[in-house]
Structures are given as C-alpha cells and as structure tokens.
Amino acid sequence: MKPTKAIEMKNISKSFGAVKANENVNLTVYNGEIHALLGENGAGKSTLMSMLSGIYTPDSGSISINEKPVEFSSPKDAINLGIGMIHQHFKLVDVLSAKENMVLGSKGAMLHGKQLSRDMQKICDQYGLDIKPDKKVYQMSVGEKQTLEIIKVLYRGAKILILDEPTAVLTPQEIKRLFDILRNMKAQGCAIVIITHKLNEVLEISDRITVLRRGQSIETVETKDVAVNHLVEMMVGKKVDLELEKPQCITDKELLRVDGLYVSTKENKHALQDISFTLHGGEILGVAGVAGSGQKEICETIAGLLPAEKGRIFFENENILGKSPGEIIRLGIRMGFIPEDRLGMGLVGSMDMVHNIMLKDYRNQKGIFLRKKGAAEKAERLVKELEILTPHIHYPIKKLSGGNIQKVLLGREIDSNPKILITAYPARGLDIGASYKIYDLLNAQKKNGVGILFIGEDLDVLMALCDRIMVFCGGQMTGIVNPSVMSKEDIGLLMAGGTTSADSTNSVAQKEGETQ
C-alpha cells in the first residue's frame, strides 16, 4: 500500500525585509514517518515549520495536508488540521497539574477532573506515555515536561507533530524514552518532523532527512543510505573534519580551587550546594547538567558577578571570593569570562567591535585619551582569524548573527591572554565549521597552560573535548568523572541525580583525593 503524504510543501518562500529566510523550499513527509529537518542555525528550519504551524504565512508556494491544499491564517487553523508544534522552550504553567495544563486553551477546559484524568490516561495508554494526571509541573523532570507537551497536542487531535530541538535539555535516558515515544507514535500512523542539529540522533531516530542551507532545501535522503560526513557537507557546503583533538597537557599547577561553595537564589533556595573542585593548568574541565542545574551560578560566582553565601575560591592561592570583577582585575588575575548571555553581559550591542575590544583593556592605557588604533588592529586580526562575517569592524555588534557575536566575544577573551578561561556554551549558535574552530582555539589555549572551565550542553562534545567532567544536578555536584572510562549513559544518570558504580576518576582526581 502506497503511503499517504501527511505534509507537502512546494516552492515555499518567505522573506523578512531584505532577508530571505526560505527560498523555493520543498518538503514532503509521509504518515507513519519520522522526518528530520537538518541545517545550521539560520538555515530556515524554524521559519519553515512556523509556516506549517500557522504562525507565519508564506510569501509564495503551496501547502497540502493529507493531500489536500490548505491555507493558514493562524495557529488555530493548523491545530484544527491536526498539526501540533512542540517548542524547545516549554509552554506550561508550573503551579497547575498535568491534566490542567493539557486542557489549557481547549474546549476540554470545562470538563470534570475525573473525566480529564480518564482522557489523559487513554492517550498515555495509546502511545506508551507515562505521567500522573495530578502531578504539578514544578514537580516534574525536564523529560516529564516534554512528555506533557506531547500529550497536550495529542489531546487536541494532532496527528502531525513538529518538535523543535527536542533533546536539547534532556539526559541520555530521557532522550531514549522520548525516542521510544516517537516510535510508538510513528507505529500509530503519526507523521513526525524533528528540527535538530545533533547528527548522531538524526541517524538513530529518523527515516528520512531533508537538509536546508541558507534558506534553500538542498536534498532529501534516506537515513539508512547516508553517512555523517555527507550530511555535514550538505549542511555546510564543504567538507569538515569532525575529529576532536584532546591533547594531554595537564600540569601540576593548581590555578583554581573552589571549596565548600554555597550560593542562594533570590527566593533563598540553594542554587549551589557545597561545591568543591580544582582546575589545573592545561586542563579542560567540563560542566554537564540539565538546564538550570547551577551552571550559570558557578560561572558568575567565580567571575565575581554573583555573591556567595559561604565557601572559598582560590586563584593561585589568592582568595577571590567576594571581590568584584574590577578588584579581581586589579589583583593582576587574568580570567577570561564568556557568559551565556552574550549581549546582556558579554558585549555592548550598540557598540562596534573596536569599542567592545577596548572595554577589555582600556584600564591599561595611560593618559586621559583612549587610543583606538591598537583595538582596531586587533579587531581586523580577529575578523581574519575567526572568519567573522561583518561588513566592517565599525559595524554595530547587535546587527551581527548570533554565531558571529560569539566569535567576537571568544576572540576578545582569548586575545587577553588569560590564565583561566570560563566558557558557557561557547559554540551555541555557531555552524559546525565555526564550532570546531572554537574547539581548536580552546585546545590551543590548553596547550599554552590555560585552565578552561567549559560549560556545555552536548554530551558528545563534552566527552570528546574535556579531560574531566563535573556533573551537576539541582545545584549539587553528583560526580567528577573521567569521560574516557565513563559511558554517556552513566553521565546521564548523574545528571538526573542518580549514582553509578563505574570508576570515574582520573590521575588528577586521584591526586586531589576526589572521587565520585
């Protein structure tokens, strides 16, 4: 029996002013299929799916659902046609229960609680889902919240599901459960589109893959017939070496020691509880954990941006806890900091590259007049070395793409010759080629004896790049592991607050008496 087309998008184009987000894109997805939409940041994936879910209207082209031409004027039209989109950032009300969130904005909002529980259980039984109807959202794990988002769209009658970066904040165990759910839905005849950038997951879960590049559909391939290198070449437009180097150059020199650190939130809850670790010269120490586990707080506390309740932070035997960033600089401590919020904390968006570079070293200039020549030369060199795409070095930073903004920030921090480099998601928003360029830059700093604290979200990258990985869960450190002997699944257990019996210590950890 010939499969029916759940989605057919022909020659779809969409522009925002002078920017062409999509240009003559073609996409066909069948019922009973898991279809991956692959492409770099800015390739047009989210815009295309936003048109399919009724958020945007295409400038030209046609859309057919279940082989019938359709036009959307709002997301409600898409919902009525059985299309549900699950966004990367969940749209749930924390204080409400699972069943109450399930019916928000739908006709079922007036139903009795027992009927809602029965309706929810029926969906769970049909698709192999597991969630308690009366459980409050704030009590749920990230994986449970995502399951609830899926239940919400199924309750509205969705048979076509669009998932935007569904595994970005999940542990390996939660990813496995999600994939089991998607396979069950596929077996029930649902059509599923996954927007992602994780190649290994694309190869594991999808039946076919459509690759977008610069707003255009490059090719649709059968997953079983394609290799990773070919996918990357289609995405980037050139060959990219995907091998990550891990030079062994850890020194005995202890650059940073954090001892018994406690940090509280505004609600007087512990964002960090009793955190202790060391960072050596020539070491990349990774930090893994689901979103909101304390990664942001550990970065900002070390950098002097966030006060601590108690504990000590030693930089080369100098206690810097409680000192402001300015005081840390005046002590002669060279510490590069690349925050998660690039424009909010890292750079001034209205300024150009030259002035943002001057912000880092203007204190070193003598006299009352600032001299821009050195900063301009540095900006020109960074543009060339990091392949920063900008009309010129005096172009406002905020008008650059996210990836180019990140390159400016990382280049400026590395150029200040730090002894310690704190990096929070340094490759987020970058294409594959640029990401590997960043990893090479970090390895070059490592070879120069710099200690690097690397907060990441991709476990595969963390394991390939880092000498050790600290695992955080709910503000607590559940282990410091050696990724060369610890499996990704075991690290996932620690991310979820579990324990593992694997030998996770390395030579440095043993030297410090640190064990899991």
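The values are calculated or read from the model by the stated rules, or taken from the named source; none is laboratory data. Every value quoted in this text rests on a predicted model; they were computed, and no experiment measured them. What goes into the accessible areas is simple: the full protein's heavy atoms, side chains included, and nothing from ligands, DNA or RNA. Shrake-Rupley method; radii C 1.70, N 1.55, O 1.52, S 1.80 Å.
Table for the structure above
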read-out	value
Contact order normalised by residue count of segment 173-317, Cα under 8 Å, 6+ apart, percent	17 percent
Three semi-axes of the equivalent ellipsoid, segment 75-148, Cα gyration tensor, whole Å, largest first	18, 16, 13
Helical mean residue ellipticity (222 nm; -39500 (n - 2.57) per DSSP H run of 4+; nearest 500) of the chain	-9500 deg cm²/dmol
Over segment 103-260: Kirkwood hydrodynamic radius from C-alpha pairwise inverse distances, Å	19.0 Å
Largest-first ordering by accessible area, 1.4 Å probe, given options Y127, Y30	Y30, Y127
Per-residue HN-Hα couplings for segment 473-479 [Karplus 6.51, -1.76, 1.60; θ = phi - 60°; Hz; x = Gly/Pro]	8, x, x, 10, 8, 8, x
Exposure ranking of D440, D259, D241, D130 by accessible area [1.4 Å probe, largest first]	D130, D241, D440, D259
Portion, in percent, of the accessible area of the chain that falls on carbon or sulfur, probe 1.4 Å	49 percent
Axial C-alpha extent at least 24 Å, average Kyte-Doolittle at least 1.0 - helices from the chain (DSSP)	none
Relative contact order (percent, whole number), the chain, Cα cutoff 8 Å, 6+ residue spacing	14 percent
Beta bridges per DSSP with both ends in the chain, % antiparallel, nearest 5	55 percent
Cross-link pairs beyond the 25 Å C-alpha cut-off, checked among K114/K269; K91/K399; K45/K224; K145/K296	K114/K269; K91/K399
Accessible area per residue in Å² at 1.4 Å probe, computed on segment 98-224	45 Å²
